[in-house]
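Derivation of every value follows stated rules applied to the coordinates shown; laboratory data play no part. These numbers were taken from a predicted model, which means no experiment stands behind them. Here Cβ is always computed from backbone atoms with ideal geometry, including for glycine, and neighbour counts include all displayed protein chains.
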Amino acid sequence: MTTTAGVLALTSAEIQRVLEIEERTFPHPWTWADFEWLSQEECSLKLGLWQGENLVGYVIGTIGASVFHLANLAVDVPCQRQGSGGRLLRTALDRATELRCRSCRLEVRRSNRAALYLYQKSGFAVDGVRRRFYTKPVEDAWLLSRPLPAEPEPQPIMVYG
Ligand SMILES: CC(C)(COP(=O)(O)OP(=O)(O)OC[C@H]1O[C@@H](n2cnc3c(N)ncnc32)[C@H](O)[C@@H]1OP(=O)(O)O)[C@@H](O)C(=O)NCCC(=O)NCCS
């Protein structure tokens with residue numbers, strides 16, 4: 001059981017907690033099989049943000065030769081709008097930078113205003129649209145990317161009360 005506050009690598013045993021947040025945050029949540037598939041990727045990055053024993057949110061992606069593909073990011077509903085999504089995103093981008101990625105790419109539902117604001121605030125730009133990329137409901141995806149610096153950027157110190 002995790003008792004530390006902060007961003008830590010997620011273990012397979014913690015995926016059930018991730019699934020519970022998925023159910024609350026996405027109209028078409030990922031399944032156990034989706035996470036199993038991603039975990040088999042040689043270079044998957046899975047980080048969770050903890051407050052004591054509570055998993056607040058997570059970010060998951062794959063590390064390619066020079067590209068970090070951000071596959072999933074979510075913050076549990078009661079914890080949203082408190083800076084956690086931004087913190088998870090910054091930590092993942094820093095980790096990808098340390099692993100020598102030079103850019104980050106992702107897809108986001110066209111209607112997902114909260115995520116679009118977060119990504120645009122975090123330096124992402126729209127590269128294009130992938131028609132009918134999502135199902136349940138069917139929807140286009142914006143394709144977003146941003147370059148990564150040669151070294152991780154300094155992070156602000158976060159204190160939880
Ligand atoms: C997208 C998500 C991860 C953001 O997490 P969060 O912890 O609420 O984000 P933060 O508190 O760090 O907010 C950072 C910025 O994102 C934007 N933002 C976040 N939620 C927003 C909302 N509901 N409406 C508008 N802008 C929003 C704002 O620009 C915000 O900065 P500000 O608070 O200074 O205005 C969260 O809303 C979520 O889990 N949504 C459901 C899952 C999802 O859609 N994931 C994205 C998949 S691509």
Discussion item. Along the Cα→Cβ direction, 7 angstrom out, place labels at Ala9 and Gln82. What is the inter-label distance in nm?
Written reply: 2.7 nm
Item to complete: Only Cα pairs under 8 Å and at least 6 apart count here; give the relative contact order of the chain as a rounded whole percent.
Response: 19 percent
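For the chain, what does the helix formula give at 222 nm: sum of -39500 (n - 2.57) over DSSP H segments with n ≥ 4, over the residue count, nearest 500 deg cm²/dmol? Show your work: numbers first, answer last.
On the way: 4 runs with 44 residues, N = 161.
That comes out to -8500 deg cm²/dmol.
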Response to the item:
Exposure proxy check on Cys79, Cys104, Cys43: fewest-to-most Cβ neighbours within 10 Å is Cys43, Cys79, Cys104
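For each of Leu148, Leu143, count neighbouring Cβ atoms within 10 Å of the residue's Cβ, then give the residues from fewest to most.
Details: Leu148 23, Leu143 17.
So the residues, fewest neighbours to most, are Leu143, Leu148.
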Response to the item:
When the charge dipole of the chain is computed with +1 at the Cβ of Lys and Arg and -1 at the Cβ of Asp and Glu, the Cα pointing farthest to the positive end, of Thr91, Leu143, Ala9, is that of Leu143
Item to complete: List the longest stretch of the chain that has no exposed loop site; here a site is one of the GluC sites (Glu not before Pro) assigned by DSSP to anything other than H, G, I, E or B, with at most 15 other Cβ within 10 Å.
Response: 54-161
Worksheet entry | Cα shape, the stretch 79-161, gyration tensor, a/c 1.5 rule | oblate
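Is the stretch 39-133 rounded, prolate or oblate when judged by the Cα gyration tensor, a ≥ b ≥ c being the square roots of its eigenvalues, rounded requiring a/c under 1.5 and prolate requiring a/b larger than b/c? Show your work: numbers first, answer last.
Numbers: a/c = 1.65, a/b = 1.10, b/c = 1.50.
Note, shape of the stretch 39-133 comes out oblate.
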Worksheet entry | Rounded, prolate or oblate (a/c below 1.5 giving rounded, otherwise prolate when a/b exceeds b/c) for the chain by Cα gyration tensor | rounded
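Mind checking which helices in the chain clear 27 Å along their axis (Cα) and have mean Kyte-Doolittle hydropathy of -0.5 or more, DSSP H runs only? Can you show the working numbers first?
Numbers: long enough: none.
In the chain, no H run is both long and hydrophobic enough.
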Fill in: Electrostatic dipole magnitude of the chain [Cβ: Lys, Arg +1; Asp, Glu -1; Cα centre; debye, to 20]
640 debye
Worksheet item: Between Leu45 and residues 5 or more places away or on another chain, which pairs have amide H atoms under 5 Å apart, with H built 1.01 Å from N, and which residues are they?
Response: Gly61, Thr62, Ile63
Worksheet item: Using modelled backbone amide H atoms (1.01 Å from N, in-plane), which distant-in-sequence or interchain residues come within less than 5 Å of Arg110's amide H?
Response: Asp140, Trp142
Worksheet entry | Neighbour-count order for His28, His69, fewest beta carbons within 10 angstrom listed first | His28, His69
